[in-house]
Amino acid sequence: MNKEEILSKSRQENKDEGVEFIENEGRKVGYNVFCIVFIFIVVFNSFIGEQSYAVFALFSVFMAGESIPKYKLTHKKIDLIIMIVSAIAAIISLVSFVLASLR
């Protein structure tokens, strides 16, 4: 590899790291906004007497999906527990949503 190839590769890696950093920051903001909107919808629905099964299903699936790669990489029991509990909650919420919608 000559000097130009090494410099080019180094610049590309730095660019990739910058893009990756920006994407991760965007995910963090998106996660926080998602949680805030989830809480707002659940609280609002409770005030007007509406069920929040669909919203709980979405949030639970999100939490379960987020825990899968965390557990695979770290093997922390808390991530496994979150994944299992969230998956069960998602199934229950989704079934409740379907049953409530069919009434």
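Condition first: closer than 20 Å to Leu94 by Cα and touching a helix residue (DSSP H, G or I) at 6+ places or on another chain (Cβ under 7 Å). Now tell me which residues in the stretch 66-82 satisfy that. If the condition is that a residue be closer than 20 Å to Leu94 by Cα and touching a helix residue (DSSP H, G or I) at 6+ places or on another chain (Cβ under 7 Å), then Ser67, Ile68, Ile82 are the ones that fit.
Taking first residues from the stretch 59-76 that are under 14 Å from Tyr31 (Cα atoms) and partners that are of a type in the set (Val, Ile, Thr) and surrounded by 12 or more Cβ atoms within 10 Å (Cβ to Cβ), the Cβ contacts under 6 Å between residues at least 6 apart in sequence or on separate chains come to Ser67/Ile82.
Residue-by-condition table, conditions (1) surrounded by 10 or more Cβ atoms within 10 Å (Cβ to Cβ); (2) among the β-branched types (Val, Ile, Thr); (3) assigned to a helix (DSSP H, G or I); (4) modelled with pLDDT of 95 or more:
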site: Ser8; (1), (2), (3), (4): yes, no, yes, no
site: Arg11; (1), (2), (3), (4): yes, no, yes, no
site: Lys15; (1), (2), (3), (4): yes, no, yes, no
site: Gly18; (1), (2), (3), (4): yes, no, yes, no
site: Ile22; (1), (2), (3), (4): yes, yes, yes, no
site: Val37; (1), (2), (3), (4): yes, yes, yes, yes
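Is it the case that some residue within the stretch 92-102 is at pLDDT 95 or above and within 16 Å of the chain's Cα centre (by Cα)? Within the stretch 92-102 (the criterion being at pLDDT 95 or above and within 16 Å of the chain's Cα centre (by Cα)), the answer is no, since none of the residues qualifies. Look through the stretch 46-65, keep the residues that are surrounded by fewer than 16 Cβ atoms within 10 Å (Cβ to Cβ) and under 20 Å from Leu94 (Cα atoms), and return whichever of them is farthest from the chain's Cα centre (by Cα). Applying the filter and picking the extreme gives Gly49. Take Val61 and tell me if it is β-branched (Val, Ile, Thr), under 22 Å from Ile39 (Cβ atoms), part of a helix (DSSP H, G or I) and touching a helix residue (DSSP H, G or I) at 6+ places or on another chain (Cβ under 9 Å). Against the criterion (β-branched (Val, Ile, Thr), under 22 Å from Ile39 (Cβ atoms), part of a helix (DSSP H, G or I) and touching a helix residue (DSSP H, G or I) at 6+ places or on another chain (Cβ under 9 Å)), Val61 qualifies.
The values are calculated or read from the model by the stated rules, or taken from the named source; none is laboratory data. What you are looking at is a predicted structure, and each value in this text was computed from that prediction instead of being measured. Cβ coordinates were reconstructed from backbone atoms using ideal geometry, including for glycine residues, and neighbour counts include every protein chain displayed.
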